[in-house]
């Protein structure tokens, strides 16, 4: 299930005058980036991740909107809650996309009828257009969803998988990006049918391991499971002090360092969080925590501010503190592009540069000044408890 032009659809719910108009969402300056656009804007050649300056040239009469990630996150959670109530097993693949595993349900229900009813319920309760693809695995279902857009359904039974895939462009295959597409086109391959006829070992020799994965997808083969989504899956860390303390400056430095560390791990896993929790344990072992729902993000400059705010609200007893911890939960797969409502792409570029340094030279190769002292764990009077 894939929400059609999700950001634009939310904006149209808030302002019906946008219906039928070309709408472009992203950073408002010429140096910004398109985060989402309507089908009307796509007819002019506008696409996601395009520089805003180019989008303005292609479609000067479009309505340009900065975007509201908090609102988009709230609608995303509402859709997930509706699916979670009905689906036996589901995976939230991104802010606007869900996989549902209905294996075995066909013995009791028509899976097509059940899926269609769930889609209609989401549409009725949220007002958002939603496309549905139903088939034998993730790959074919995802391609079917794309073919069902806008706001439609496409069912592809096992016996019809190859006839359905064969006439489609190789661009429709998940994993075939711009570079892979040009490589395959240089080999004279434009349709999935042609790709399916290529020997698997030849694809491996041309594209490496990815070649085999692309070949399998072209043949409708995909054994990847639907990974059950749980609101409890999280990434966290906590630290216990050798000496209990009330040094608020130090505590906030340590908290910033902890957030920076696990935010980097989250970005490395291509995850976003929409919930942050801060925990403190006093010297008498009383433990308290406070959480906050936030727009999906993986940027530590945002998460550090939220963590400090929660800590300030939480620490009321003015007792010595023994332990502090921070957790990011309600994770979904996604990358920094979801935060491209900044006026310029410099912030995204800065994070990419810092993370490249960390991958090459280690996590501590570059650190924020607000937490740099706290990162020197062996010398700061506290010990690391680990993470999950």
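For the stretch 154-179, the tally of residues that are part of a strand (DSSP E or B) and in contact (Cβ under 8 Å) with a residue 40 or more places away in the chain stands at 1.
Residues that are in a helix (DSSP H, G or I), without any contact (Cβ under 8 Å) to a residue 60 or more places away in the chain and within 16 Å of residue 10 (Cβ to Cβ) do not occur anywhere in the stretch 84-102.
On the basis of being in contact with a helix residue (DSSP H, G or I) (Cβ under 8 Å, 6 or more places away or on another chain) and surrounded by fewer than 20 Cβ atoms within 10 Å (Cβ to Cβ), does residue 39 make the cut? So residue 39 does not fit the description; no.
Filter the stretch 23-52 down to the residues that are assigned to a loop (DSSP other than H, G, I, E, B) and either closer than 12 Å to residue 5 by Cα or without any contact (Cβ under 8 Å) to a residue 40 or more places away in the chain (or both) and list them by number. Passing the criteria: 30, 38, 43, 44, 45, 46, 47, 48, 50. Please tell me if residue 81 is outside the structural domain of residue 298 (by TED's automatic domain parsing), within 21 Å of residue 332 (Cβ to Cβ) and in contact with a strand residue (DSSP E or B) (Cβ under 7 Å, 6 or more places away or on another chain). No.
Please determine whether any residue of the stretch 111-125 is free of Cβ contacts under 8 Å to residues at least 24 places away in the same chain, in a loop (DSSP other than H, G, I, E, B) and out of contact with any strand residue (DSSP E or B) (no Cβ under 6 Å at 6 or more places or on another chain). No, the stretch 111-125 contains no residue that is free of Cβ contacts under 8 Å to residues at least 24 places away in the same chain, in a loop (DSSP other than H, G, I, E, B) and out of contact with any strand residue (DSSP E or B) (no Cβ under 6 Å at 6 or more places or on another chain). No other residue among 228, 224 is touching a residue at least 60 places away in the same chain (Cβ under 8 Å), closer than 24 Å to residue 269 by Cβ, exposed (fewer than 15 other Cβ atoms within 10 Å of the Cβ) and in contact with a strand residue (DSSP E or B) (Cβ under 8 Å, 6 or more places away or on another chain) apart from 228. Within the stretch 262-281, the set of residues being at pLDDT below 90 and either under 12 Å from residue 320 (Cα atoms) or part of a helix (DSSP H, G or I) (or both) comprises 264, 265, 266, 267, 268.
Tell me, please, whether a residue that is closer than 25 Å to residue 75 by Cβ, in the same structural domain as residue 356 (by TED's automatic domain parsing) and more than 19 Å from the chain's Cα centre (by Cα) can be found in the stretch 265-279. Taking every residue of the stretch 265-279 in turn, at least one turns out to be closer than 25 Å to residue 75 by Cβ, in the same structural domain as residue 356 (by TED's automatic domain parsing) and more than 19 Å from the chain's Cα centre (by Cα). Apart from one condition, residue 17 fits all of (1) outside any loop (DSSP other than H, G, I, E, B); (2) touching a residue at least 24 places away in the same chain (Cβ under 8 Å); the exception is (2).
Quick one: would you say residue 130 is under 14 Å from residue 9 (Cα atoms), modelled with pLDDT of 95 or more and buried (at least 21 other Cβ atoms within 10 Å of the Cβ)? Judged against the criteria, residue 130 is a match. If the condition is being in a helix (DSSP H, G or I) and modelled with pLDDT of 90 or more, then the stretch 282-333 contributes 303, 304, 305, 306, 307, 308, 309, 310, 311, 312, 313, 314.
The values are calculated or read from the model by the stated rules, or taken from the named source; none is laboratory data. Just so it is clear, the model here is predicted, and its values are computed rather than measured. In this analysis, Cβ positions are derived from the backbone assuming ideal geometry, glycine residues included, and neighbour counts consider all displayed protein chains.
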